[in-house]
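Report on one structure; see the data block that follows.
The values are calculated or read from the model by the stated rules, or taken from the named source; none is laboratory data. Source: prediction; values computed, not measured. Glycine gets a Cβ as well: all are built from the backbone with ideal geometry, and neighbour counts include every protein chain shown. Keep in mind that these areas ignore ligands, DNA and RNA; they rest on the heavy atoms of the full protein, side chains included. Shrake-Rupley method; radii C 1.70, N 1.55, O 1.52, S 1.80 Å.
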Protein chains: 2
Amino acid sequence: MLKVRVLVRPKPGILDPQGEAVKGALPALGFEGVGTVHVGRLIELEVESERDVDAMCRRLLANPTTEEYEWEVVG
Amino acid sequence: MLKVRVLVRPKPGILDPQGEAVKGALPALGFEGVGTVHVGRLIELEVESERDVDAMCRRLLANPTTEEYEWEVVG
């Protein structure tokens, strides 16, 4: 089995409420010097072959309207 | 500014309903040969220094009871 890591993030310009929430909370905890913050999804799955990973991303793992994705074999 | 990528995933043995949901949906869409599936969070942030990233993870970005994290500077 191959171990695949998929990273899904909001497309640029798309509202990212989770990212905004983290960006607002960090200074409140005393962390300064933070710029942009974006929150997305990490999906790690075992697959028999890489052949279908792109289709899995397009059809299920990422919302093509609001999200972009990248993936790599990590093990 | 440094670009940091934080990956947050459920600790082994911790219930992962999102992972289970994806694992169940993939065969329904015709994707066979899928093993374990885990869903976590991807956080990408710009910081002036790496110094506080671990503390940010421990205090805000990851739940120390149910999640583990790793991070790297990516840009």
Residues (open to solvent by less than 20 Å² (accessible area, probe 1.4 Å) and not acidic (D, E)) located in region A:43-54: A:I43, A:L45, A:V47, A:V53
Region A:1-51, residues that are of a type in the set (S, T, N, Q) and under 19 Å from the mean Cα position of the chain (by Cα): A:Q18, A:T36
Region B:8-28: number of residues that are facing another protein chain (nearest Cβ under 9 Å) and out of contact with any strand residue (DSSP E or B) (no Cβ under 8 Å at 6 or more places or on another chain): 1
All positions within region A:29-48 that are at the interface with chain B (Cβ under 7 Å from one of its Cβ atoms) and more than 21 Å from B:P17 (Cβ to Cβ): A:L29, A:F31, A:G33, A:V34, A:G35, A:T36, A:V37, A:H38, A:E48
Test: residue in region B:55-74 that is away from every other protein chain (no Cβ under 11 Å), free of Cβ contacts under 8 Å to residues at least 40 places away in the same chain and loosely packed, with under 12 Cβ neighbours inside 10 Å: yes
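Within region A:25-41, identify whether any single residue is of a type outside the set (D, E, K, R), free of Cβ contacts under 8 Å to residues at least 40 places away in the same chain and in contact with a His (Cβ under 9 Å, 6 or more places away or on another chain), and answer yes or no. Spell out the reasoning first.
Taking region A:25-41 as the starting set, the residues that turn out to be of a type outside the set (D, E, K, R) are A:25-31, A:33-40.
Checking which are free of Cβ contacts under 8 Å to residues at least 40 places away in the same chain leaves us with A:25-31, A:33-40.
Still in the list and also in contact with a His (Cβ under 9 Å, 6 or more places away or on another chain): none.
Within region A:25-41 (the criterion being of a type outside the set (D, E, K, R), free of Cβ contacts under 8 Å to residues at least 40 places away in the same chain and in contact with a His (Cβ under 9 Å, 6 or more places away or on another chain)), the answer is no, since none of the residues qualifies.
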